[in-house]
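Here, each number is a calculation from the coordinates, and none is a lab measurement. Note that the structure is predicted; figures quoted are calculated from it, not measured. Neighbour counts are summed over all protein chains in view; Cβ atoms, including those assigned to glycine, are modelled from backbone coordinates with ideal geometry.
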Amino acid sequence: MCHLCKADVVSITNALEKYQDLDPTFTGTRECKFLSDLASAIDEEDIAKFTDDSWKTTMLLRVKEKLKAKELEEDDLT
C-alpha cells in the first residue's frame with residue numbers, strides 16, 4: 001500500500017513481483033489481484049477504477065477509517 005501512495009508504477013510492480021517470489025501462493029489471492037488492479041489504475045491514471053469494485057472500495061474505506069481512528073487516539077492527550 002505504501003508503494004501505491006507514491007504512485008510509482010515501477011516501484012509497485014517490483015514490490016508485487018517480490019511478494020510473489022517470496023510466496024508463490026500470493027499470486028492467486030484476492031489481495032494480489034486487488035493490489036494489481038490498483039497498480040493498473042495508477043498506471044492508466046484511471047480514478048474510476050478505484051471504485052468500480054465494491055470490495056476494493058470497502059477495503060480502502062476500512063483502511064481510511066482505521067487511520068482516522070489512530071490519528072484521533074494520538075491526538076488525545078488524556
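Here Lys18 is the anchor, and the aspartates and glutamates within straight C-alpha reach of less than 20 Å, apart from those fewer than 8 places off in the same chain, are Asp8, Glu31, Asp37, Asp43. Charged neighbours of Tyr19, selected by a Cβ distance under 13 Å, balance to -2 (K, R count +1; D, E count -1).
Taking 0.36 nm per residue of separation and subtracting the Cα-Cα distance, what length does fully extending Glu73 through Thr25 add?
The span from Glu73 to Thr25 would gain 13.7 nm if fully extended.
Entry note, the chain: the mean residue ellipticity at 222 nm calculated from DSSP H runs of n ≥ 4, each adding -39500 (n - 2.57), is -23000 deg cm²/dmol after division by the residues and rounding to the nearest 500. Calculated FRET efficiency, Ala7 to Thr57, Cβ-Cβ distance, R0 = 25 Å: about 0.85 to the nearest 0.05. The mean sequence separation of alpha-carbon pairs under 8 Å and at least six residues apart, normalised by the residue count of the chain, gives a relative contact order of 22 percent.
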